[in-house]
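Below is one structure; the comments refer to it alone.
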């Protein structure tokens, strides 16, 4: 379900964790850069126009690119809810976030890949489909433990390593 701006701001404000202005700034930057990595052509200014002003910035934009950006609202709200509830990082939470991000985009959103995939330009192969569920369970458990138990530079380094591990698993289509 793609949230509108008012629903996004109400949900984020309810937590008291982020100001509305900061939440929108995080949303715009996260959505823009995440989508740009995947080839989305919206500029940062166009992303602001879409997510903050709730206007289409120009003609000729694809519905896919619209949802690649707009779906981040629901994912950011879910992350804030998880933080507020002190939820651990789990495999089901990761799949739920993927489902929110891929709403209106993939029929199998929130489900792990069923066939092999590749990362363009990478010199390594992602994890094959069969071991992905167990690899993700282990990844989430280890990542959650590290974030909860490490501090300072050790925590930051663990987060960076965790991101690399996630990319190497590349669990979704």
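The values are calculated or read from the model by the stated rules, or taken from the named source; none is laboratory data. Model, not experiment: these values are computed from the prediction. Quick reminder, even Gly has a Cβ in these numbers, built from the backbone with ideal geometry, and neighbours come from all protein chains shown.
For the stretch 8-55, give me the residue count where each residue is more than 17 Å from residue 66 (Cβ to Cβ) and either touching a residue at least 24 places away in the same chain (Cβ under 8 Å) or part of a loop (DSSP other than H, G, I, E, B) (or both).
Counting residues in the stretch 8-55 that are more than 17 Å from residue 66 (Cβ to Cβ) and either touching a residue at least 24 places away in the same chain (Cβ under 8 Å) or part of a loop (DSSP other than H, G, I, E, B) (or both) gives 10.
Which numbered condition trips up residue 106, out of (1) outside the structural domain of residue 31 (by TED's automatic domain parsing); (2) out of contact with any helix residue (DSSP H, G or I) (no Cβ under 9 Å at 6 or more places or on another chain)?
The one condition residue 106 does not meet is (2).
For the stretch 119-140, give me each residue that is assigned to a loop (DSSP other than H, G, I, E, B) and either without any contact (Cβ under 8 Å) to a residue 40 or more places away in the chain or crowded, with 17+ Cβ neighbours inside 10 Å (or both). Spell out the reasoning first.
Restricting attention to the stretch 119-140, the residues satisfying the condition of being assigned to a loop (DSSP other than H, G, I, E, B) are 119-131.
Listed by number, the residues that qualify are 120, 121, 122, 123, 125, 126, 127, 128, 129, 130, 131.
May I ask you to verify whether residue 124 is farther than 20 Å from residue 39 by Cβ, at pLDDT below 95 and not assigned by TED's automatic domain parsing to the domain that holds residue 18? I'd like the intermediate steps shown before the answer.
Details: farther than 20 Å from residue 39 by Cβ: yes; at pLDDT below 95: yes; not assigned by TED's automatic domain parsing to the domain that holds residue 18: yes.
Yes, satisfied.
Whether any residue in the stretch 54-70 is in contact with a helix residue (DSSP H, G or I) (Cβ under 8 Å, 6 or more places away or on another chain), under 30 Å from residue 134 (Cα atoms) and at pLDDT below 95 is what I want to check.
no
Take the stretch 141-154 and flag every residue that is in a helix (DSSP H, G or I) and surrounded by 14 or more Cβ atoms within 10 Å (Cβ to Cβ).
Pass one, the stretch 141-154, residues in a helix (DSSP H, G or I): 141-149, 152-154.
Answer for the stretch 141-154, where residues must be in a helix (DSSP H, G or I) and surrounded by 14 or more Cβ atoms within 10 Å (Cβ to Cβ): 141, 142, 143, 144, 146, 147.
Given the criterion assigned by TED's automatic domain parsing to the domain that holds residue 37, closer than 30 Å to residue 43 by Cβ, part of a helix (DSSP H, G or I) and modelled with pLDDT of 95 or more, identify the matching residue among 77, 94.
That would be 77, the only listed residue that is assigned by TED's automatic domain parsing to the domain that holds residue 37, closer than 30 Å to residue 43 by Cβ, part of a helix (DSSP H, G or I) and modelled with pLDDT of 95 or more.
Kindly indicate whether residue 92 is over 16 Å from the mean Cα position of the chain (by Cα), free of Cβ contacts under 8 Å to residues at least 24 places away in the same chain and farther than 18 Å from residue 21 by Cα.
Details: over 16 Å from the mean Cα position of the chain (by Cα): no; free of Cβ contacts under 8 Å to residues at least 24 places away in the same chain: yes; farther than 18 Å from residue 21 by Cα: yes.
Considered against the rule, which asks whether it is over 16 Å from the mean Cα position of the chain (by Cα), free of Cβ contacts under 8 Å to residues at least 24 places away in the same chain and farther than 18 Å from residue 21 by Cα, residue 92 comes out as no.
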